[in-house]
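Chemist: Here it is, the structure, as structure tokens.
The values are calculated or read from the model by the stated rules, or taken from the named source; none is laboratory data. All values derive from a computational prediction rather than experimental measurement. Because the Cβ atoms are built from the backbone with ideal geometry, glycine has one as well, and the counts that use them run over all protein chains shown. Calculation scope for accessible area: heavy atoms of the full protein, side chains included, ligands and nucleic acids excluded. Shrake-Rupley method; radii C 1.70, N 1.55, O 1.52, S 1.80 Å.
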Amino acid sequence: MSFREHDTVILTVDRPAERLRSGDIGTVVYVYDAAEVEVEFLTVGGDPRAVLPLPADQLRPASASDVRTARSV
């Protein structure tokens with residue numbers, strides 16, 4: 001899957017070290033290449049939760065049928 005900067009993406013795996021879970025929503029902030037992108041995850045209040053490089057195969061594009069959820073950390 002090829003992503004572009006500003007794409008909304010969904011994490012497809014848990015990342016316990018970063019306290020992220022599958023289903024968390026992020027925004028691509030930098031594309032290294034087709035295999036790796038940097039993604040920013042924010043809280044509902046807009047505070048940064050994590051910014052990290054991720055393999056593209058751990059993400060999927062968000063779709064109009066996705067439902068946002070909330071969880072506490």
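Chemist: Would a scan of region 40-56 turn up a residue that is in a loop (DSSP other than H, G, I, E, B) and modelled with pLDDT of 95 or more?
Modeler: Taking region 40-56 and keeping what is in a loop (DSSP other than H, G, I, E, B), we get 43-47.
If we keep only those that are modelled with pLDDT of 95 or more as well, we get none.
No, region 40-56 contains no residue that is in a loop (DSSP other than H, G, I, E, B) and modelled with pLDDT of 95 or more.
Chemist: Sticking with this structure for a sec: Filtering region 1-14 down to residues that are hydrophobic (A, V, I, L, M, F, W, C) and assigned to a loop (DSSP other than H, G, I, E, B), which residue is least open to solvent (accessible area, probe 1.4 Å)?
Modeler: Residue satisfying both the conditions and the ranking: 3.
Chemist: Restricting to region 27-52, what's the tally of residues that are under 10 Å from the mean Cα position of the chain (by Cα) and of a type outside the set (A, V, I, L, M, F, W, C)?
Modeler: Residues in region 27-52 being under 10 Å from the mean Cα position of the chain (by Cα) and of a type outside the set (A, V, I, L, M, F, W, C): 3 in total.
Chemist: Right, something else. From 50, 56, 34, grab the single residue that is surrounded by 10 or more Cβ atoms within 10 Å (Cβ to Cβ), touching a residue at least 40 places away in the same chain (Cβ under 8 Å) and not acidic (Asp, Glu).
Modeler: So the residue among 50, 56, 34 that is surrounded by 10 or more Cβ atoms within 10 Å (Cβ to Cβ), touching a residue at least 40 places away in the same chain (Cβ under 8 Å) and not acidic (Asp, Glu) is 56.
Chemist: In region 15-31, what residues are open to solvent by 40 Å² or more (accessible area, probe 1.4 Å) and either charged (D, E, K, R) or in contact with a Cys (Cβ under 9 Å, 6 or more places away or on another chain) (or both)?
Modeler: 15, 18, 19, 21
Chemist: Name the single residue, out of those in region 59-73 being open to solvent by less than 70 Å² (accessible area, probe 1.4 Å) and within 12 Å of the chain's Cα centre (by Cα), that is farthest from residue 2 (Cα to Cα).
Modeler: Residue satisfying both the conditions and the ranking: 62.
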